[in-house]
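To start, the structure under review is shown below, and the notes come after it.
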2 protein chains.
Amino acid sequence: MYDVAIIGTGAAGISAALTLKQLNKNFIWFGSKKLSFKINAAEKITNYPGLISVSGKEMREVFSKQIAAQGIEITEKQVTGVYDMGDYYSLLCGSEEFDAKCVILGLGVEMQKPIPGELDNVGMGVSYCATCDGMLYKNKVMTVYAQNKDFEEEVEFLQEIAAKIYFIPLYKDYEIKGDNVEVITKRPKEIKREGRKMHMVFDDSDIESDIIFMLKSAVSPQILVPGIEVDGSHIKVNRACETSMRGVFAAGDCTGRPYQYTKAVGEGNIAAHGAVSFLAKNK
Amino acid sequence: MYDVAIIGTGAAGISAALTLKQLNKNFIWFGSKKLSFKINAAEKITNYPGLISVSGKEMREVFSKQIAAQGIEITEKQVTGVYDMGDYYSLLCGSEEFDAKCVILGLGVEMQKPIPGELDNVGMGVSYCATCDGMLYKNKVMTVYAQNKDFEEEVEFLQEIAAKIYFIPLYKDYEIKGDNVEVITKRPKEIKREGRKMHMVFDDSDIESDIIFMLKSAVSPQILVPGIEVDGSHIKVNRACETSMRGVFAAGDCTGRPYQYTKAVGEGNIAAHGAVSFLAKNK
């Protein structure tokens, strides 16, 4: 049982992890060692106090060094569900389970709205996690939607096990190719299920597969954490970064605008302190 | 008329200034070029994202460089009152007046509670600003309470014009001396007015003077901004860092715990974005 689980390796998650480490808490941190794609993509940041006019890439390098310097580990697993177990939370990563007394959500925000039909079919033909669900569809036909280049490793993993892949990159410089890959550069309009087959619908066409993988940096919070209160695409929080669920905190872009690194680190700090108070009160 | 006035050169003020500069707003920033005494005093900071295990002194140096690199000016005047003028705010610095459409308060928090009798006598024998009110008491007897070494320049200024100074340093390595200075190393208990004379009361004694200067890093918000809603020693704000007064935002320690640099920069960023939205809506 961990004291705290942090989900997300963006600016909010980084800040929460540094503070929990300083306060000597026993926590697990889920995300990517590459940290946040969004940080890396920023061209020039001039208003982050302490880093004088850096590129996103430079910022990501400093953050990586700092995490290493503090001896903090990142667990590279995708959390697919957070479930309230009464006096603790159970986090599922595919078939693995991790338990924590409280949770800090640094999920980022979905920059694209979910596609119609996407949310209704999660777990029933739509998956957000290649490594969790890929093997279940070995030698099958897969549709793989990828938000950015960071997901190409996952796409390559799927490519090795799939009979065929319809690959829908939302970015330009993709490097996925192979005999079993068909690239589609159109924007999908809708997801439909017909019997055991999934359909990705485009303006002028429709592709059929056994599973649709939606690889994106942020997932709708209500899909990840059933029961959590949201306001549009944001998680509802108060000034203490407390969500509607006891012991669950949220920080960064997932709590609303401004979508800024500085705001995100501030909330990560508040959430970490909130978690520590929560642990002290609920010993 | 400025778009925005920022009060305070701690972490919150710095963050707000960097963001307003980036957004190309016309603002004035009141505080000290030495930034925050509190930042400088920190021994080791390990949880501020982007600065890997720095001393407070190193942090202050980075912040100073960054402010200079962005070409941001600090106005070294002490704001003694912020007054609501209907559709703008008037900021008094002694006898000077500055007008701004909105205000960001990064006041810090009083680490010591006000002394009994202090708040009741502000402007009537108690002053927070040596340079504002010093000349009014030329050749008089002054009591000068100083929270830390950063105020010694102000004390020296007073020393040049006073007939006599009772100097009450709250720190150890003070360097104030002179024929007209009497150092008192006891903690004051109460401030009393008797006719036109002020009394600083100690456990076992009492000193009389014409004026009491209380030189401290943070001043009670309700003294600085008449009418603002507070909750104990903190300014009441919502998640957007809006105070009870339209167009007045607050950020950092003055809005409550955790008293952390990371939380303060986050709120400074939110407050700056809030001010920009406010300006756009009230053109």
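The values are calculated or read from the model by the stated rules, or taken from the named source; none is laboratory data. As the structure is a prediction and not an experimental result, all values here were calculated from the model. Cβ placement follows ideal geometry from the backbone for every residue including glycine, while neighbour counts extend to all protein chains displayed. To get the accessible areas, we keep the full protein, side chains included, count just its heavy atoms, and leave off ligands, DNA and RNA. Shrake-Rupley method; radii C 1.70, N 1.55, O 1.52, S 1.80 Å.
I need every pair where a residue in region B:251-269 that is within 7 Å of another protein chain (Cβ to nearest Cβ) has its Cβ under 7 Å from the Cβ of a residue that is in a loop (DSSP other than H, G, I, E, B), sequence separation at least 6 or different chains.
The qualifying pairs are B:Thr262/B:Asn47; B:Thr262/B:Tyr48; B:Thr262/B:Pro49; B:Val265/A:Pro49; B:Glu267/B:Cys241; B:Glu267/B:Ala251; B:Asn269/A:Pro258; B:Asn269/A:Gln260.
Residues being at the interface with chain A (Cβ under 7 Å from one of its Cβ atoms) and surrounded by 24 or more Cβ atoms within 10 Å (Cβ to Cβ): count how many of those fall in region B:270-283.
First, pick out the residues of region B:270-283 that are at the interface with chain A (Cβ under 7 Å from one of its Cβ atoms): B:270, B:273.
Imposing the further condition that a residue be surrounded by 24 or more Cβ atoms within 10 Å (Cβ to Cβ) reduces the set to B:270.
Total meeting the criteria: 1.
I'd like the residue in region B:81-106 that is open to solvent by 50 Å² or more (accessible area, probe 1.4 Å) and at pLDDT 95 or above and, out of all such residues, is nearest to B:Cys129 (Cα to Cα).
Initial filter on region B:81-106 (open to solvent by 50 Å² or more (accessible area, probe 1.4 Å)): B:83-88, B:92, B:95-97, B:101.
Add one more test, that the residue is at pLDDT 95 or above, and what stays is B:83-85, B:88, B:97, B:101.
Details: B:Tyr83: 17, B:Asp84: 21, B:Met85: 23, B:Tyr88: 24, B:Glu97: 15, B:Lys101: 24 Å.
Selected residue: B:Glu97.
Out of everything in region B:43-72 that is at the interface with chain A (Cβ under 7 Å from one of its Cβ atoms) and among the hydroxyl-bearing types (Ser, Thr, Tyr), what residue ends up being least open to solvent (accessible area, probe 1.4 Å)?
My answer is B:Tyr48.
Please enumerate the residues belonging to region B:203-238 that are over 16 Å from B:Val103 (Cα atoms) and surrounded by fewer than 15 Cβ atoms within 10 Å (Cβ to Cβ).
Listed by number, the residues that qualify are B:Asp203, B:Asp204, B:Ser205, B:Asp206, B:Glu208, B:Asp231, B:Gly232.
Hey, can you tell me all the residues within region B:8-42 that are more than 16 Å from B:Asn269 (Cβ to Cβ) and more than 13 Å from chain A (Cβ to nearest Cβ)?
Correct list: B:Asn26, B:Ile28, B:Phe30, B:Gly31, B:Ser32, B:Lys33, B:Lys34, B:Phe37, B:Lys38, B:Asn40, B:Ala41.
Consider region A:107-120. How many of its residues are among the β-branched types (Val, Ile, Thr) and either more than 16 Å from the chain's Cα centre (by Cα) or surrounded by fewer than 17 Cβ atoms within 10 Å (Cβ to Cβ) (or both)? Give the derivation first.
First, pick out the residues of region A:107-120 that are among the β-branched types (Val, Ile, Thr): A:109, A:115.
Retained after the next criterion (residues that are either more than 16 Å from the chain's Cα centre (by Cα) or surrounded by fewer than 17 Cβ atoms within 10 Å (Cβ to Cβ) (or both)): A:115.
Summing the residues that are among the β-branched types (Val, Ile, Thr) and either more than 16 Å from the chain's Cα centre (by Cα) or surrounded by fewer than 17 Cβ atoms within 10 Å (Cβ to Cβ) (or both) in region A:107-120 gives 1.
Can you tell me which residue within region B:141-185, out of those that are farther than 19 Å from B:Lys34 by Cα, touching a helix residue (DSSP H, G or I) at 6+ places or on another chain (Cβ under 8 Å) and assigned to a strand (DSSP E or B), is most open to solvent (accessible area, probe 1.4 Å)? Don't jump to the end; show me each part of the working.
The initial filter retains those residues of region B:141-185 that are farther than 19 Å from B:Lys34 by Cα, namely B:141-145, B:158-170, B:172, B:176-185.
Filter again for touching a helix residue (DSSP H, G or I) at 6+ places or on another chain (Cβ under 8 Å), leaving B:142, B:144, B:158, B:161-162, B:165, B:167, B:176, B:178, B:180-181.
Next cut, assigned to a strand (DSSP E or B) only: B:142, B:144, B:165, B:167, B:181.
Values: B:Met142: 0, B:Val144: 0, B:Ile165: 1, B:Phe167: 0, B:Val181: 26 Å².
Result: B:Val181.
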